Amino acid sequence: MGSKYGVIVCPKCGMARGVETAKKTTGCQCGNEIVLSHVKIKNQTDSPLELADLVASTNAALRGGEPAPPERKSRKKDPYLSIAERAKPIKDSLERMRSIAQGLTELQSRFTIDDIRRIASLLGKDSAEDVLARLKDHNLVYEFEPGVYRSV
Ligand SMILES: [Zn+2]
């Protein structure tokens, strides 16, 4: 005993929360006024930072032992969409096509007309056949296997 902080579980809503052990009562966000002498104070610590972790892990344990799922905000963007977005503002059509070819080459080191088709459909400007024909005309792509290209 003697630690400054501890974790309690609200008897009303079942959520863990951090408390200062010196206090006699604490208000829970559910509206319940918890009398600390009536609940078990566990996971005591002197560190407020550690207290936050303990509250989080206690809540996770109460939910069924699984740690809280990480935020899925950083989900990877569709790489084709990224390439299309990068190419879109390029005014010069040949430069735009070259940007597509470079993006695809960076992405997967090679590409086919199907890959271009996916970008072209996102851009809605040129057909995949036109893109590939112009890139070939200007020697901006290199066909190293039949139907398989990389940017030069
Ligand atoms: Zn509560």
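Could you let me know the centre-to-centre spacing of the range 88-149 and the range 1-66, using Cα atoms, in angstrom?
Here the answer is 59 Å between Cα centres.
Report the one residue of ILE113, LEU94, ALA60 whose Cα lies farthest in the direction of the positive end of the charge dipole of the chain (charges on C-beta: Lys and Arg +1, Asp and Glu -1; origin at the Cα centre).
Toward the positive end, the furthest listed residue is ALA60.
Give the dimensionless ratio obtained when the Cα radius of gyration of the chain is divided by 2.2 N^0.38 Å.
Against the compact-globule rule of thumb, the ratio is 1.98.
Angle, helix 113-123 long axis vs. longest principal axis of the chain, Cα atoms, 0 to 90°, nearest 10?
The angle comes out near 70 degrees.
Work out how much length CYS13 to LYS40 would gain on full extension: take 0.36 nm times their residue separation and subtract the Cα-Cα distance, in nm to one decimal.
8.2 nm
Against the longest principal axis of the chain, how steep is helix 128-137, in degrees 0 to 90 to the nearest 10, with axes from Cα atoms?
Between helix and principal axis, roughly 60 degrees.
Working from the alpha-carbon coordinates of the range 1-69, get Rg over Rh, Rh being the Kirkwood radius. Could the numbers behind the result be given before it?
Details: Rg = 11.5 Å, Rh = 12.1 Å.
My calculation of the ratio gives 0.95.
For the charge dipole of the range 5-62, defined by +1 on Lys and Arg C-beta atoms and -1 on Asp and Glu C-beta atoms about the Cα centroid, which residue among THR21, GLY31, SER47 has the Cα displaced farthest towards the positive pole?
Toward the positive end, the furthest listed residue is GLY31.
Find the relative contact order for the chain and round it to a whole percent, using C-alpha pairs within less than 8 Å whose residues are 6+ positions apart.
16 percent
Quick check on the chain: helices-only [θ] at 222 nm, where DSSP H runs of length 4 and up contribute -39,500 (n - 2.57) each and the sum goes over total residues. Nearest 500, please. If you can, show how the numbers build up before the last one.
Details: 5 runs with 61 residues, N = 152.
So the helix-based figure for the chain works out to -12500 deg cm²/dmol.
Provide the gained length on full extension for the span SER121 to ALA61, in nm with one decimal, where the gain is 0.36 nm per separating residue minus the Cα-Cα distance.
16.9 nm
Each value in this text was obtained by applying a stated rule to the coordinates, not by laboratory testing. None of the values given here were measured: they were computed from a predicted structure. All Cβ positions, even for glycine, are placed from backbone atoms using ideal geometry, and neighbour counts span all protein chains on display.
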